[in-house]
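A.B. asks: Sending over a structure as structure tokens; questions will come in a sec.
The values are calculated or read from the model by the stated rules, or taken from the named source; none is laboratory data. Computed from a predicted model, the values in this text were never measured in an experiment. Every residue, glycine as well, gets a Cβ built from its backbone with ideal geometry; the counts of neighbours run over all protein chains shown. Just so you know, the surface numbers come from the protein's heavy atoms only, side chains and all, with ligands and any DNA or RNA stripped out. Shrake-Rupley method; radii C 1.70, N 1.55, O 1.52, S 1.80 Å.
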Amino acid sequence: EAIAKNLFELAKINTPTISIVIGEGGSGGALAIGVADKFAMLKYSVFSVISPEGCAAILWGDNSKIETATKALKISAEELKELGLIDDIIEEPLEGAHRDYQTTAKNIRSYFIENINKLKKLNKEELLQKRFEKYLNYGSFKE
């Protein structure tokens, strides 16, 4: 109930919101990260509502199925972008975000400033309507 209440409140907030996954986001509570006008991930980050270990344990009762669960969950930034569940992927330095945090911070800053400036141009009604339309499209699929 607490997670649902959080999602409901975040969905109707009257200010622009931007979420960025910078490492690993994985739990039911992590869903709140996704309730944003713009939702991005660093290129090598992961995001899911359950960890692959938890998924393997629940579905198969077998930790040897972690790789199968990981593939099924589609938790990478590239996969989530392809599915339309995130808006953008922020590039990471070749040696990784954790090894070149200054470049990573610059990339995040640029993304944030560019997108907050776009979102601030919308009036509150437009902002909420665009957010509503975005979430109505979740779960749609093509055959």
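A.B. asks: Regarding PHE47, is this residue open to solvent by less than 40 Å² (accessible area, probe 1.4 Å), of a type in the set (A, V, I, L, M, F, W, C), within 23 Å of ALA11 (Cβ to Cβ) and in contact with a Leu (Cβ under 7 Å, 6 or more places away or on another chain)? Quick ask: steps written out before the conclusion?
C.D. replies: Values: open to solvent by less than 40 Å² (accessible area, probe 1.4 Å): yes; of a type in the set (A, V, I, L, M, F, W, C): yes; within 23 Å of ALA11 (Cβ to Cβ): yes; in contact with a Leu (Cβ under 7 Å, 6 or more places away or on another chain): yes.
Spelling it out, PHE47 is indeed open to solvent by less than 40 Å² (accessible area, probe 1.4 Å), of a type in the set (A, V, I, L, M, F, W, C), within 23 Å of ALA11 (Cβ to Cβ) and in contact with a Leu (Cβ under 7 Å, 6 or more places away or on another chain).
A.B. asks: Here's something else I'd like to know. For the range 81-116: of the residues being assigned to a helix (DSSP H, G or I) and small (Gly, Ala, Ser), which is farthest from LYS134 (Cα to Cα)?
C.D. replies: So the first thing to find is which residues in the range 81-116 are assigned to a helix (DSSP H, G or I), and the list is 81-82, 101-116.
Filter again for small (Gly, Ala, Ser), leaving 105, 110.
Working: ALA105: 27, SER110: 23 Å.
Looking at residues that are assigned to a helix (DSSP H, G or I) and small (Gly, Ala, Ser), I get ALA105.
A.B. asks: Related question: Name every residue in the range 98-133 that is touching a residue at least 60 places away in the same chain (Cβ under 8 Å) and of a type in the set (Lys, Arg), in order of residue number.
C.D. replies: LYS120, LYS124, LYS130, ARG131
A.B. asks: Separate question: Which of the residues belonging to the range 86-129 are charged (D, E, K, R) and touching a Leu at 6+ places or on another chain (Cβ under 7 Å)?
C.D. replies: Here is the first cut: in the range 86-129, the residues charged (D, E, K, R) are 87-88, 91-92, 95, 99-100, 106, 109, 114, 118, 120-121, 124-126.
GLU92 - this is the single residue of the range 86-129 that is charged (D, E, K, R) and touching a Leu at 6+ places or on another chain (Cβ under 7 Å).
A.B. asks: State the number of residues belonging to the range 117-136 that are open to solvent by less than 100 Å² (accessible area, probe 1.4 Å) and under 22 Å from LEU31 (Cβ atoms).
C.D. replies: Just the residues of the range 117-136 that are open to solvent by less than 100 Å² (accessible area, probe 1.4 Å), to begin with: 117, 119, 122-123, 126-129, 131, 133-135.
With under 22 Å from LEU31 (Cβ atoms) added as a condition, the list becomes 119, 127-129, 131, 133-135.
Counting residues in the range 117-136 that are open to solvent by less than 100 Å² (accessible area, probe 1.4 Å) and under 22 Å from LEU31 (Cβ atoms) gives 8.
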